[in-house]
Structures are given as C-alpha cells and as structure tokens.
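A short write-up of the structure that comes next.
The values are calculated or read from the model by the stated rules, or taken from the named source; none is laboratory data. Just so you know, these numbers come straight off a predicted model, no measurement behind them. Using ideal geometry, Cβ is built from the backbone for each residue, glycine included, and neighbour counts are taken over all protein chains shown.
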Amino acid sequence: MRLYKALVAVALGAVMTATGAIAATPSNTLVIADAIDDIITLDPAEVSEVGGVLASQQIYQPLVSFDPADPTKITGVLAESWTVSEDGKTFTFTMNPNAKFASGNPVTAKDAEYSIRRVILIDSRISFIFAQFGLNKDNVEQKVRAAEDGTFVFEVDQKYAPSFVLYVLSSFTGGIVDSEVVKQHEATLESGGNDYGNAWLKTENSAGSGPYVLTKWDPKVSILMTRNANYWGTPPGVERLFLQHMPESATQRLALEKGDIDIANKLGPDDIGSIAGNGDIQVLEGVSSTMYYFGLNVRNPALTPKVVEAIKYGVDYQGIADTIGKGTIKVHQTMIPDGFLGGGINYNPYSLDIEKAKALIAESGVATPIKLATVVWNVPPYPDYAQAVQATLSQIGVDLDLQVVDGGPWLDRYRSHDLDIWFGLWGPDYPDPHSNAKAFGNHDPSDPDGTKGNLADRFGWNSGKVSDLVNQAVQEQDVDKRKALYDEAQRLHTDTSPFVFMFQDSRKVAMRSNVKGVVLGITFSDDRYGGVSKE
Amino acid sequence: MPATLPRPLKLLLDIGSWLLTVAITLIGLAAFTFFIGRILPIDPVLSIVGEKATPEVYQRVYLELGLDKPVWQQFYEYVLKLLRGDFGVSFSTSRPVLTDLLAFFPATLELATIGLVIGVVLGIPMGVASAYWHEKWPDHLFRIVGLIGYSVPIFWLGLVGLFVFYYKLGWVSGPGQVDVFFTGIVPRVTGFILVDAAIAGEWEVFGNAVSHMTLPALLIGYYSLAYISRMTRSVMLDQLSREYVLTARLKGASEFTVVMRHALGNAAIPLVTVIALSYGGLLEGSVLIETIFSWPGIGNYIYSSLFSADMNAVLGGTLLVGIVFVLLNMLSDVLYRTLDPRARSAA
C-alpha cells in the first residue's frame, strides 16, 4: 500500500509545481496567431504565402493603394500622383517627397526602379505578375526606369485599363525596397549572377518604408516585427507585432478567450460559432477573394451545354453554405469576387431544382446515369462540399466518381485535365478583376490546353464572347465603363461557362475587443496593422 | 582454444564493427528516405514556385535543385556531402538543415526527456504493483489507467487537457514554449529553454517555461507511462512466478527485498530495452502534441517539410532520428552488460 501512496503523492506533486498562468498579452505588443509554417521567404520580390504576405504588408509599401471598402478609390502611397500617356502605355509616377525608409533614406524613383526590376531580374516565382505587361530581363531596364526629373516611369506593352496596372502595382509584389541599403548586400549567385540582395532580404532583414521593420523571423515558429522608428506616417499604437505559429483552430480559440493572443487568424466555423457570446471578443467581418468552384471538362461529350446547366441546378448552394459553411462562406456564382472592381453584382441565378435539372438532362438526350470522374483535395472543406454536391447530383442521374486525393495529384490532374470534374478554389494574385477574368474567361487559341493558366481552355471551353469582353475590359481606360464590361462578361460567363462557382469566403477574424484599428484587406492576407492600438 | 586477441586490439575491432553497422544502417536509412521522397507525388519545384510561375522560373528552380541529374547521381552527391557533415539547405527556412535541426530538436528532446522520466518514475512502480497484486484492485486500476493512456487519442487528451487545466482552471500556461512577454529574453545557449533560463538566471522565465511545459510533458509522460507500466507488469509477472522468488521467500527475505531487489532486478534487463525504445519513439517528436501545443519540435518540422517536399529537411530529420535510435541502442547495450552479470562475463 505504501507504494500506492507514494505514487499518488508524486502525481499530485507534478501537477502542483505548475505555476499559475499570466493571461494577457503585453500592452505594447499585438499577438497574432496564424499558421505560418509554409512561409519560405520574406523578400517582397518573391513573397507569396499567406503569412509572408501578411508580414510584408506591414513592412513594405507600394506606390499606390486602394481603399478596401471601395476599391475604385485608388490613392497614392509612395507615389504622390501619376499620369498615363495618351496611348495608355506609359505610366509616370511623381514620388511622395515625404516618404522615407526605415533607414532614414528618402524614397525615390531610383528605389521604385530597383524594386520592380529585381522581381524580373531574379526570375522570381511571382515575376509572372509583372511579366504579363511584356516585361522581361532584356527590356526591363528600358521599360522600368527612374527619369532624369525624379519621376518613375513604368511602360507596358499595350494599352491596358489604368486601374488594372495600378491594382497590380498596389499588390504585395509592388512593395518598394530601400535600394541604397539592399545594394550594399547584393551577393553573387552560384551561377555567377547578381542576387539583388535576395539572400539578405529573404529571411533576416528588411528594408522597407512601412510602419514596422522585421526584427526576427524564426521559421515555422514566429515572426517578430518592431515599430519603424523612422516611419513617415502616423506611428502605429503598438510597439511590436508578434506573429505566432499556432496551427490548430481549437488551440487558437482557447488562447484567444484566455487572452494569450490578440487576434486569431485561423478559426474554423465551429470555433467562430462558439465564441459568439464572449463579450471580450469581437469578430471582424471582411471579404476574402477566395472562391470555391468546380470546373467541368467539356471535352467529355456527355457534358453538353444542357447537361452543364442541369448540373448547375443540381447543387444545393444555400444548404451547403448553411450547414457546412456555417457563416464562413456565402453563395457567390460569378467569377469576380465581391470587393473587387466589377464584383458585388449579386448575380446568383441558380439554386437547387431537381425537377428542372432532370428536365434539362432529358432534353439533352444524354443517357443517364452520367458517370463523371471527379477529383477533390483531401483537405477540409473540399471533400465536404464535393460530397454534398455528389448527393444532390445523384438525384438527377449524374454520378460523381469522387476521388479524394493529396494536394500533389490533385493539382497534377487539374493541369493535365485528366478528369471530368475538378473541385477547387481560386484566389486572385493581385487585387484586380483581370486576375480572375483572364483565368476563367480568356480563350487563347494558341494554347488549347491552357498550359499558360487559362482555365477556360484547360477545361476545354471556347469562351467566345466572354473572352472578347474580358479582353476589352482590361484595356478600357474608363473605370466605370470597365466595370460595366465586367458586369456583362460575368453574367454571360455564369450562364454559359462550364464553371460552377459556388461560394466566396467571408472572412471572419476574431480578436480581443480592446484591439482597435485593424483593417482587413480584400485578397487573402493583405490585412493592415499600421493603425492598430490596444486600449 | 583460438588465440585470444590482445584486449586493446579487440576493443578496436569491436568499435570498428560497430561503426560499420551504424554506417550501413544510416546509409540504408538515407537511401530509403531519399528514394521514397522521389516516388512521392509531390513536386518539390512546384511547392517552391507555386502553380502559376512561368516555365522559365520553373526551369531555374528545377536546375537549382539538381533534379535534372539521374536519381542515382543525386543520391551519390547527397551522401558525399553528408560525409563532409553537410546536410544541405532547407528551402523552406533557407537555413542549413543542421541549423534547423539544432533549433527544433532541443525542444523535442526536452519534452521527451521529462515525459520519459514521468513515464519511468510512475510507470515502473505501477507495473510492479500491478504484478504484485495480480488480479486484485490495484492491478485493475492501473491497467485501466494504462489502457486509457494507450488507447485514447493523444490529440483529444491534449485538447481536453488545455480546456480544463489552461482555460477553465488556469493552473498551467497555454500553447507555446513561453509567454510572449518572455519571448527572446533568454539568450540561446543549449536550446533547452529550462537550461537556458537557468543559465541566464531568469527564474521568472524558467517558471513560465515550466508552466507551459507541464501539460504537454504530462501527456507525453502519461502516454509513455501507459506503455512502460504494461510492459513492467508482464515482465514482473513472469519473474514473480520463477522459482528463485519462492526460494528467496523461503529463505525469509522480506517481501520488499523479494519484489524490489530480486524480481525487479531481473526484470530491469528487458525493461531497459523497453524504456530505450519508448524514449526513441518520443524523440521522433509527436506531431499531434506539437501541433496542439504550438511546440516548435522536430516532429512538426519533419511533417511540414514533407508536405512541401523539402527533401533535404526531411532527410536530415530522418537521419537525426536514426542516429538517436542507434545511440539509444548502444546505450541500452551498455546498460544491459552492466545489469546482466552473464553478459558481463561473456564479454
């Protein structure tokens, strides 16, 4: 028996040694919980992961930006003003004389020149964002330049809508670095070329003009940013931003309720639901431009226009949004997300209508059951959506052979269009409607398999008039006319395309109620913490 | 009688053959992991450049990773580098893999060691008690405790533990190694947060780290306790039924001496192996525990590297775990010889 008593004593002792927890974050630090183990670089010329964009958004600033509440309002940041030449091909920016970097150096056209050029020159993985303007290694020095008079000149290969070019420049790829500082840290690549400071900026240093500077990135663990002492704007209300890797939603919820973190960026629907009653917590609702859709490969002769339309009536959009999405998604059936220029047209013509769908299939003359090879990623929520769609489609004689696979094969099958249906998501690369319109609406006869990223072609669809409209829109100089073109293109696209857009993410970010001034962005992670304070 | 070798020479030969075994084991492990990595349907280039990069960028990274060379040559070059102590660079952290391992492994080692101590200190007495009071209530009780630890999913226990002891009762700190207050205060010397805090004399940080570590360490401890107590029980049951136990009792030895000295003394030999293996298992890092507690350990490092096809990181991590197992094996061999007089005389 003595043995037993000893055991109990030891067990109790172990618990008792635990000291009480201090449950509050430091008042000068904003603690943000997120999943950041996917970040591989913080160099603004190549940053692309969600967490990386979030961090670089606080450190670097673009030439121009827009109001997340009204994206048609484009405002200068590092550029004070700009003009567009008659032919629409030359953009000239006058730099903001007040702007300066964390180093104290003024922000000049030379810095803009260096920053934009290096995206192309280092062959960055996101160079495609600028390469679409006809920029390449051979012409970038001539087309992207600081002029004698101190302005910055950005030349594109053809006439585009100015808003398109400006939105692209406003994206995280357009973050301007301090060229004087970065040039001091240029290194030679193994191949003998210049790395344009990539190695220096990638993990340990920053050279931006934003409200914060990078203090320490501990890969897969945390990112610490400190207030930029030389910030030229209104200094933020907290001294430090601490981005902590906390991948589990339930853990984030407990830590948020307990007060150990200020913002929980990765809460699932269940956890968002369960904190609703907590008075210490506020939930900010924003838009996210991520959309969930499935594409039908119309190379399959069974997928005639009638059958495609029937399938669009065979999905219980609202039901899925309510039961699976639980407020994290809203029904959205057009190709441009709400929040973007041209978005918000509220055109959702389809809802579950089994009888109508059956009638359409009967009209099509295609024999049922129609068996379709369907590929879906094995990560929530995709399989849940796919199963719900499978259940209703089976009632109209369309049988989905659901193949739930890993991310790798999922993307491979998508690229090689070796399937009938692909369930996936789409997030634009820059906050301009063209990112979506080009992918889903543009038809390129020279690239019938869509290897260059035209999804319409990848799914075997000649988008015809939609393609004309989106290509007209991207060149339209007048913002309102451009918007009208997207309106027309979207309705036609939704009615005729083999893409079934289902939902747009509604972002819900939970934070302690004493946190003020967070501005949620409109792409996946361009939230702005520059004006944050804690009361 | 064969001519006996002089002692130093024999020792040298022993060490030589041991090193050879270790080398073959590790190269085999590296080869296995390497080729599995090549079969996996994850494209390392795509995971670096993303889905939308231009073909030129794809090609650049493809060449940078050396994927244009035949797989055999890639492996050969990897092993050559390895022999020079170069584990390569992880593309997801842009740091040498060795630096990464030194950053992530101590957190796991610290947690696993404390967990194992809990497992041994509590598990062995529980196993002994179970065997001694075989089929009586202590046995039933400890078996149920062990069964729960062994069969309840650890992530569930982790979440419930956080909910009760962190959220509701506030007895322990939550996820992470220390509070944000204390992050970065202690200079990194050994990488073990408790040791570093003690070296720096930052006792407040030390206390905070203990508070953060308590729950995950207890869980890991519980998990290893469940295994160790079950093994101890079965080994002890076997020993207690031996004739020498009866002899000892007949000679009038006290029950304590019979159980703790004679039976446990003999049971210790197989238990050393059990403990060493379960320590090895803990040192691989528990992905689930590390995820729930936001613990910057080796398990999560290997796991997230695998998902981004960061093969240098995966290989480095796997080799580290392999080395740990080899070392533990060696240690248990040494202990085995010390504990077992027969093994000693045979040597």
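The table below gives the values:
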| quantity | calculated |
| --- | --- |
| Matching entry among A:ASP316, A:ASP338 (being surrounded by fewer than 20 Cβ atoms within 10 Å (Cβ to Cβ) and within 27 Å of A:HIS434 (Cα to Cα)) | A:ASP338 |
| Subset of segment B:171-180 [more than 7 Å from every other protein chain (Cβ to nearest Cβ) and in contact with a Phe, Trp or Tyr (Cβ under 8 Å, 6 or more places away or on another chain)] | B:GLN177 |
| Search result, residues across segment B:181-205 that are among the aromatic types (Phe, Trp, Tyr) and within 10 Å of chain A (Cβ to nearest Cβ) | B:PHE181, B:PHE182 |
| Unmet requirement for B:PRO296, which otherwise passes all of (1) in contact (Cβ under 8 Å) with a residue 24 or more places away in the chain; (2) within 14 Å of the chain's Cα centre (by Cα) | (2) |
| Residue in segment A:93-103 that is over 17 Å from A:GLN61 (Cβ atoms) and either among the β-branched types (Val, Ile, Thr) or part of a helix (DSSP H, G or I) (or both) present | no |
| Single condition A:ASP480 does not satisfy, out of (1) under 23 Å from A:PHE133 (Cα atoms); (2) among the charged types (D, E, K, R); (3) without any contact (Cβ under 8 Å) to a residue 12 or more places away in the chain; (4) within 14 Å of chain B (Cβ to nearest Cβ) | (4) |
| Residue among B:ILE118, B:ILE144 that alone is more than 10 Å from chain A (Cβ to nearest Cβ) and either among the aliphatic types (A, V, I, L, M) or not in a helix (DSSP H, G or I) (or both) | B:ILE144 |
| Flag if A:VAL474 is among the aliphatic types (A, V, I, L, M), on the phi < 0 side of the Ramachandran plot and either touching a strand residue (DSSP E or B) at 6+ places or on another chain (Cβ under 8 Å) or surrounded by fewer than 21 Cβ atoms within 10 Å (Cβ to Cβ) (or both) | no |
| Any hit, segment A:60-67, residues being at pLDDT 80 or above, surrounded by fewer than 19 Cβ atoms within 10 Å (Cβ to Cβ) and away from chain B (no Cβ under 11 Å) | yes |
| Pairs, first surrounded by fewer than 24 Cβ atoms within 10 Å (Cβ to Cβ) in segment A:289-312, second assigned to a helix (DSSP H, G or I) and among the small types (Gly, Ala, Ser), C-beta under 7 Å, six or more apart | A:THR304/A:SER364; A:LYS306/A:SER364 |
| Cβ pairs under 6 Å, 6+ apart, first in segment A:253-267 and more than 12 Å from chain B (Cβ to nearest Cβ), second among the hydroxyl-bearing types (Ser, Thr, Tyr) and in a helix (DSSP H, G or I) | A:LEU267/A:SER249 |
| Pick from segment A:407-462, criterion among the acidic types (Asp, Glu) and either touching a residue at least 12 places away in the same chain (Cβ under 8 Å) or under 22 Å from A:PHE503 (Cβ atoms) (or both), ranking: surrounded by the fewest Cβ atoms within 10 Å (Cβ to Cβ) | A:ASP449 |
| Segment A:395-411, subset in a helix (DSSP H, G or I) and closer than 15 Å to A:PHE423 by Cβ, residue farthest from the chain's Cα centre (by Cα) | A:PRO409 |
| Qualifying residue in segment B:263-284 (condition: within 12 Å of chain A (Cβ to nearest Cβ), among the hydrophobic types (A, V, I, L, M, F, W, C) and within 18 Å of B:THR93 (Cβ to Cβ)) | no |
| Single residue of segment A:462-475 satisfying the filter (out of contact with any Lys or Arg (no Cβ under 9 Å at 6 or more places or on another chain) and not in a helix (DSSP H, G or I)) that is nearest to the other protein chains (Cβ to nearest Cβ) | A:SER463 |
| Positions within segment A:172-216 being closer than 14 Å to A:THR41 by Cβ and free of Cβ contacts under 8 Å to residues at least 60 places away in the same chain, in sequence order | A:ALA199, A:TRP200, A:GLU204, A:ASN205 |
| Whichever residue in segment B:42-61 is more than 8 Å from chain A (Cβ to nearest Cβ) and crowded, with 17+ Cβ neighbours inside 10 Å and, among such residues, is farthest from the chain's Cα centre (by Cα) | B:TYR58 |
| Selected residue (only one of B:PHE87, B:PHE91, B:PHE104, B:PHE75 is more than 14 Å from every other protein chain (Cβ to nearest Cβ) and touching a residue at least 60 places away in the same chain (Cβ under 8 Å)) | B:PHE87 |
| From the options A:ALA439, A:ALA456, residue that is closer than 23 Å to A:THR523 by Cβ, part of a helix (DSSP H, G or I) and within 11 Å of chain B (Cβ to nearest Cβ) | A:ALA439 |
